[in-house]
Amino acid sequence: MATVEFWIQIESNPWDVAPRNIDRLTGQTMQQITGQAPVLKTLISPVTGVVQTRTMFRPLSQDALILRRYTPNWAAPDDRKVNPWDLNEPDPTDNGTMGTIPGAVIECNVGDEVIVHFRNQDTRSGKARRPAPTACIRMASSSRRRLTAPSRSRRRTQANQSALRQPNGPPSAYPD
């Protein structure tokens, strides 16, 4: 039985829904589909102060809210890939996208006490930001589990992996 602490911060940054300039369904470039040229967007890390300009092929119209994992006491970003085995996932560090979507994954074992420190650094214009104390959430897990819901693509991947382990072959329909 251990105490596991996580430091999670929400930040707002531009987000590119097609960082590789490819529509993965059609194989076409974003410029072929939308007729729009790539744009330059500036990303700023609120803790480290790192500023970088990136070319985005299909940025969201508003900044995205990104959950980032940090080292204790908000010392530095502790970004990790959501799917480390996925070669297509962009680098989530300050040299890359500055965070991940869907966010940090929290894992624990049976009997662990999980402490999550949360800080809101949403800086989108027009959004009221009230200075608030850091929230701290404590919970005891009753079984080994992930505390974030898997994305649709991850559920499909899990269904595909379990189908490979089943002697009867793949299921006829994959879950949504």
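Filter the stretch 35-47 for residues that are outside any strand (DSSP E or B) and surrounded by 13 or more Cβ atoms within 10 Å (Cβ to Cβ); which is modelled with the highest pLDDT? Per the criteria, the residue is P38.
Taken over the stretch 14-23, residues that are crowded, with 16+ Cβ neighbours inside 10 Å and in a loop (DSSP other than H, G, I, E, B) amount to 6.
Of all the criteria given as (1) surrounded by 17 or more Cβ atoms within 10 Å (Cβ to Cβ); (2) assigned to a loop (DSSP other than H, G, I, E, B), the one not satisfied by T26 is (1).
More than 30 Å from A37 (Cα to Cα), at pLDDT 70 or above and out of contact with any His (no Cβ under 7 Å at 6 or more places or on another chain): does that describe P84? Here the answer is yes, as P84 does meet what is asked.
Residues checked against (1) exposed (fewer than 11 other Cβ atoms within 10 Å of the Cβ); (2) modelled with pLDDT of 80 or more; (3) within 16 Å of W7 (Cα to Cα):
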residue: I101; (1), (2), (3): no, no, no
residue: C108; (1), (2), (3): no, yes, yes
residue: E113; (1), (2), (3): no, yes, yes
residue: A128; (1), (2), (3): yes, no, no
residue: A135; (1), (2), (3): no, no, yes
residue: R144; (1), (2), (3): no, no, no
residue: P150; (1), (2), (3): no, no, no
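When D94, D63 are screened for being surrounded by 16 or more Cβ atoms within 10 Å (Cβ to Cβ), touching a Pro at 6+ places or on another chain (Cβ under 7 Å), modelled with pLDDT of 85 or more and not aliphatic (A, V, I, L, M), only D63 passes. All conditions in (1) touching a strand residue (DSSP E or B) at 6+ places or on another chain (Cβ under 6 Å); (2) under 27 Å from P72 (Cα atoms) hold for M1, with the sole exception of (1).
The values are calculated or read from the model by the stated rules, or taken from the named source; none is laboratory data. Since the model is a prediction, treat every value here as computed from it, not as a measurement. So basically every Cβ, Gly included, is an ideal-geometry build from the backbone, and we count neighbours across all protein chains shown.
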